[in-house]
Amino acid sequence: MAAFPLLPSAHIAPKPTLHFIKASTSDLPKTSPSPSSTKPQLPSLKPHHNIREEARLHNAATVTTNHPRFSAKYVPFTSITDPSSSDESYSLDEIVYRSQSGSLLDVQHDMSALKHFDGAYWRNLFDSRVGKTTWPFGSGVWSKKEWVLPEIDYDDIISAFEGNSNLFWAERYGKDFLGMNDLWVKHCGISHTGSFKDLGMTVLVSQVNRLRKMNKPVVGVGCASTGDTSAALSAYCAAAGIPSLVFLPANRISMAQLVQPIANGAFVLSIDTDFDGCMQLIREVTAELPIYLANSLNSLRLEGQKTAAIEILQQFDWEVPDWVIVPGGNLGNIYAFYKGFSMCKELGLVDKIPRLVCAQAANANPLYLYFKSGWKDFQPVKAKTTFASAIQIGDPVSIDRAVYALKNSNGIVEEATEEELMDAMAQADSTGMFTCPHTGVALTALNKLRRSGVIGPTDRTVVVSTAHGLKFTQSKIDYHSKNIKDMACRLANPPVQVTADFGSVMDVLKKYLLSKSH
């Protein structure tokens, strides 16, 4: 039965889609040369040249005299919220994670140089790179290189051509269960290691590769993880030939998540604590040993993750959705989405940003409680076990970033109980998706906001799916087996046991088909 039987969802007219007319090169202002006009003639290439070598030759041949020099630096996050608070800054080639006052750092781009080119130029440039195999632009991250790590050499980049993930029109789910006609799911889990973490890890490991070539004191890269971060880190470090070290909370992640760093050759420590305990230990270790810290405390990763927001705009032909719903644990990703959207607005690619929703598991909900208090009293919580294990975090590192993003996007925070998130995941799967529990958290938030009328039936809404459902098969097996304590598992669909004879099979099939005819 539809969740909104009184809504005439079948009769809702789709929201008209606005299509930007692509500007021709002659339409662009002189300060915004077209991508093709700025390309020099490539030297003739020998048949044995690979795409990395072609990029190296192209880079050497590119004339930069008439172009601004794009750059970025670390600044205290407090100077983002209050520009007059500090003039402290660091090169991205320095190994530094926090400001002198102990606050988080943020990557700040030279916006004046980027503004030398108008929004039409950037739209055309980014669109011209989609689907190409040109190194490194086949990546959804590195196709926005000027906005990510502008000064890194192409040859230092470690990429699996991540990103460019599917934006799925959830037609049946939206119509049958929510009375919506314009619901989309951004499948960030359709990526190299099966989660959105690839988007940030390609940036971080590429920068580490650069630092090692500069003879900086970096022996390896380490992280604390609830699963997905370790998978991404180990894969990209393996591709680069850089040692990776992973601190995992013992017996708290799925086997599918545990096997990835092992298979990719990481040095894995299974520690008898939760994620917050692992995070504390890795911070202490990286302060003493020449191991580069890869957790979202490190703002480099957010530069890659923000490109998912830009991809969403590209996939809608630069039309801005009304809502974007993001699961939240350590809370870096909600800020990354805000940063991607706000950069597009500031640089003239779009004229507004969507409203953001951060969705938390009720068993690990410090941001939700802070939001409900009117942003008056933040208190870390002791995270309880949740099927959404990647967001089982009670003391999020990026709390200030998340609050900034939500306040500046007129955002909302919602929560999902264990039963709500598992039912939402099962319901989505029944319409052809195969989602992770974290997506179930985001879908529960959508359901609640839809029921309350905050999100309207024709609002263009994007739910961010952060990981592939194949990483969480055990939770799906337990649900459909009705093997979860104190949970009804009302949408369970277990196999029907039947004897191997024609009559028994026919009886079962007739009963099933009769139930579907009503």
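The values are calculated or read from the model by the stated rules, or taken from the named source; none is laboratory data. These figures come from a predicted structure and were not determined experimentally. Quick reminder, even Gly has a Cβ in these numbers, built from the backbone with ideal geometry, and neighbours come from all protein chains shown. For the accessible areas, the whole protein counts, side chains as well, though only heavy atoms, and no ligand, DNA or RNA atoms are used. Shrake-Rupley method; radii C 1.70, N 1.55, O 1.52, S 1.80 Å.
Please compute the net charge surrounding Q315, taking Lys and Arg as +1 and Asp and Glu as -1 over other residues with Cβ under 11 Å from its Cβ.
Local charge sum for Q315: -3.
In Å³ and rounded to a whole number, note down the convex hull volume per residue for the Cα atoms of the chain.
Cα convex hull per residue, to the nearest whole number: 185 Å³.
Please list, ordered by chain and number, the residues whose modelled amide H lies under 5 Å from the amide H of T417; skip anything fewer than 5 residues away on the same chain.
A362
Quick one: pull the percentage of alpha-carbon pairs in region 88-201 with a separation above 18 Å.
66
Would you compute, from DSSP H runs of 4+ residues alone, the mean residue ellipticity of the chain at 222 nm, taking -39500 (n - 2.57) per run and dividing by the full residue count, rounded to the nearest 500?
-10500 deg cm²/dmol
Tell me, what is the FRET efficiency for T133 and L167 to the nearest 0.05, using R0 = 22 angstrom and their Cβ-Cβ distance as r?
The pair T133/L167 has a calculated efficiency of 0.55.
Could you give me D for region 383-518, from Stokes-Einstein at 4 °C and 1.567 mPa s, where the hydrodynamic radius is the Kirkwood radius over C-alpha pairs? Units µm² s⁻¹, please.
74
Quick check for you: with a 1.4 Å probe and neighbouring chains kept, what is the accessible area per residue of the chain, in Å²?
44
Please list 406-413, 421-428 highest first by mean number of surrounding beta-carbon atoms within 10 Å per residue.
Order by mean packing, descending: 421-428, 406-413.
May I ask you to derive the relative contact order of region 367-416, considering only C-alpha pairs under 8 Å and at least 6 residues apart, and to give it as an integer percent?
So the answer I get is 36 percent.
On full extension of the chain, what length is gained from K352 through R451, given 0.36 nm per residue of separation minus the C-alpha to C-alpha distance?
That works out to 33.1 nm of additional length.
Between V496 and K372, what FRET efficiency follows from the Cβ-Cβ distance if R0 is 60 Å, with the result rounded to 0.05?
0.85
If you wrap a convex hull around the Cα atoms of region 148-263, how much volume per residue is inside, in Å³?
128
To the nearest 20 debye, what is the magnitude of the charge dipole of region 323-415 about its Cα centre, counting +1 on the Cβ of each Lys and Arg and -1 on the Cβ of each Asp and Glu?
Value, rounded to 20: 60 debye.
Find, among the chymotrypsin sites (Phe, Trp or Tyr not before Pro) in region 169-258, those assigned to loop by DSSP (not H, G, I, E, B) with at most 15 other beta-carbon atoms within 10 angstrom.
Here no chymotrypsin sites (Phe, Trp or Tyr not before Pro) fit, given the DSSP loop and packing criteria.
About its Cα centre, what dipole magnitude does the chain give when the only charges are +1 on Lys and Arg Cβ and -1 on Asp and Glu Cβ, stated in debye to the nearest 20?
Its charge dipole is roughly 700 debye.
Between P396, G277, G174, whose Cα lies farthest towards the positive end of the dipole of the chain when Lys and Arg beta carbons carry +1 and Asp and Glu beta carbons carry -1, centred on the Cα centre?
Checked the options; the winner is G174.
What is the projected area of the convex hull of the Cα atoms of region 293-366, averaged over all directions, in nm²?
With every direction weighted equally, the projected area is 5.4 nm².
Answer with one residue from L125, L248, M506: the one whose Cα lies farthest towards the positive end of the charge dipole of the chain, charges on Cβ with Lys, Arg +1 and Asp, Glu -1.
Going by the Cα projections, it comes out as M506.
Could I get the Rg over Rh figure for region 207-321? Both from C-alpha atoms, Rh via Kirkwood, rounded to two places.
Expressed as Rg/Rh, it is 1.04.
Radius of gyration and Dmax for region 299-426's Cα atoms, expressed in Å?
Every Cα atom of region 299-426 included, Rg and Dmax give 14.7, 43 Å.
Exceeding 18 Å between C-alpha atoms, which entries from my cross-link table qualify? They are K132/K213; K132/K306; K144/K345; K144/K339.
Beyond 18 Å: K132/K213; K132/K306.
If you count the DSSP beta bridges with both ends in the chain, what percent of them are antiparallel, to the nearest 5?
30
Out of every Cα-Cα pair in region 374-445, what percent are more than 16 Å apart?
That tail contains 57 percent of the Cα-Cα pairs.
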